[in-house]
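The values are calculated or read from the model by the stated rules, or taken from the named source; none is laboratory data. Just so it is clear, the structure is predicted and the values come from calculations on it, not from any experiment. In this analysis, Cβ positions are derived from the backbone assuming ideal geometry, glycine residues included, and neighbour counts consider all displayed protein chains.
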Ligand SMILES: *Cc1c(COP(=O)(O)O)cnc(C)c1O
């Protein structure tokens with residue numbers, strides 16, 4: 001019996017060291033012992049975000065952090081522009097509408113990256129925010145945040161990015177790229193169990209927090225920031241996920257960010273090459289924008305079968321998300337995935353595809 005190889009797109013594989021870090025006695029989230037850990041976690045996260053700003057720690061999944069940005073940085077009737085390149089960008093647009101924002105969707109064909117010029121044509125003096133998914137987990141395509149940042153920095157709009165499936169595997173330089181709000185959660189490239197979300201804001205974004213008229217309490221950034229000053233949180237955080245992410249960040253800095261990003265890229269290049277060799281196609285239209293944290297493989301009508309056959313060989317990958325459930329499967333390289341895992345996946349894929357024909 002072969003060892004299980006987990007190449008999921010979230011929740012992802014958890015390294016043994018991270019699992020072990022959670023196997024300890026409970027401590028109070030108001031203790032000095034806890035605060036020391038939170039301080040280390042948020043300081044390390046700043047380096048991964050590429051920011052000098054504070055990183056707020058919220059107990060929620062990624063979606064909660066997305067919702068919190070709307071509550072804290074906007075007011076009813078604010079206009080936002082959302083490039084739609086797949087399922088997760090659409091979720092952000094929908095959430096905006098639920099809160100009563102005026103959402104201007106700029107639709108792209110699935111598999112495309114968002115074209116900055118087309119999006120910027122929609123940005124006017126009234127635009128309060130542009131919501132750009134960093135890495136679209138449904139299509140395996142990333143967006144060029146640096147280009148968006150340069151285009152948006154001198155406008156009235158905030159550049160908001162959901163980097164839930166990016167941060168920790170796909171490079172983020174929040175300050176340098178003029179990203180105003182970046183958010184992520186623990187269970188994807190950060191190779192930690194679910195439970196925590198992290199968000200950082202530029203000075204421009206903090207000034208909008210002052211103007212925001214939405215009611216809020218649990219996700220109130222001003223309250224979160226006050227507690228963050230003493231390395232605590234407003235309410236009880238997911239303490240065990242804090243233990244876990246602390247160890248995951250130790251692993252990330254032992255490897256080094258440059259090595260981490262190049263491992264993700266190299267593994268993805270191997271997958272793209274291997275997928276083509278077995279006669280399948282990449283779903284991303286432009287290989288240059290193929291995500292380094294997950295590969296969406298185009299297998300029309302066959303994706304569910306391939307996922308189930310791979311699972312029989314102990315290789316765990318994910319199916320497609322609507323409307324691509326039958327046509328795409330997704331292979332994660334984010335977090336704790338090695339070149340050996342990739343080689344095992346490609347070997348198994350070859351056998352599975354051979355049996356289809
Ligand atoms: C997984 C994911 C989310 C949602 O995260 P949850 O933690 O499940 O709420 C949001 N955006 C992207 C891009 C994701 O990959």
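When 111, 96 are checked against the criterion of being within 20 Å of the chain's Cα centre (by Cα), away from the ligand (no atom under 13 Å from the Cβ) and assigned to a helix (DSSP H, G or I), 96 stands alone in meeting it.
When residue 66 is tested against the conditions (1) more than 16 Å from the ligand (Cβ to nearest atom); (2) crowded, with 24+ Cβ neighbours inside 10 Å; (3) closer than 15 Å to residue 186 by Cβ, the lone failure is (1). Just one of the listed residues (28, 35, 75) is more than 16 Å from the ligand (Cβ to nearest atom), free of Cβ contacts under 8 Å to residues at least 60 places away in the same chain and surrounded by fewer than 18 Cβ atoms within 10 Å (Cβ to Cβ), and it is 28. Number of residues in region 194-210 that are away from the ligand (no atom under 11 Å from the Cβ) and not in a strand (DSSP E or B): the value is 9. Of the residues 274, 279, the single one that is modelled with pLDDT of 95 or more and either within 29 Å of residue 25 (Cβ to Cβ) or surrounded by fewer than 16 Cβ atoms within 10 Å (Cβ to Cβ) (or both) is 279.
Screening 43, 87 for residues that are at pLDDT 95 or above, within 16 Å of the ligand (Cβ to nearest atom) and out of contact with any helix residue (DSSP H, G or I) (no Cβ under 8 Å at 6 or more places or on another chain) leaves exactly one candidate, 87. Filtering 222, 188 for residues that are within 16 Å of the ligand (Cβ to nearest atom) and either outside any helix (DSSP H, G or I) or at pLDDT 95 or above (or both) leaves a single hit, 188.
The single condition among (1) in contact with a helix residue (DSSP H, G or I) (Cβ under 8 Å, 6 or more places away or on another chain); (2) closer than 29 Å to residue 296 by Cβ that residue 72 does not meet is (2). Inspection of region 149-160 finds no residue satisfying the criterion of being in a loop (DSSP other than H, G, I, E, B), within 12 Å of the ligand (Cβ to nearest atom) and either closer than 21 Å to residue 209 by Cβ or under 12 Å from the mean Cα position of the chain (by Cα) (or both). So for region 114-129 (the condition being farther than 22 Å from residue 56 by Cα, buried (at least 23 other Cβ atoms within 10 Å of the Cβ), touching a residue at least 60 places away in the same chain (Cβ under 8 Å) and within 16 Å of the ligand (Cβ to nearest atom)), does at least one residue qualify? No: zero hits. Reported count of residues in region 172-184, each being away from the ligand (no atom under 16 Å from the Cβ), at negative phi and either outside any loop (DSSP other than H, G, I, E, B) or out of contact with any strand residue (DSSP E or B) (no Cβ under 6 Å at 6 or more places or on another chain) (or both), is 4. Of the residues making up region 285-293, one or more are out of contact with any helix residue (DSSP H, G or I) (no Cβ under 6 Å at 6 or more places or on another chain), crowded, with 23+ Cβ neighbours inside 10 Å, touching a residue at least 12 places away in the same chain (Cβ under 8 Å) and not in a loop (DSSP other than H, G, I, E, B).
Filter region 7-16 down to the residues that are under 23 Å from residue 166 (Cβ atoms) and away from the ligand (no atom under 16 Å from the Cβ) and list them by number. Passing the criteria: only 15.
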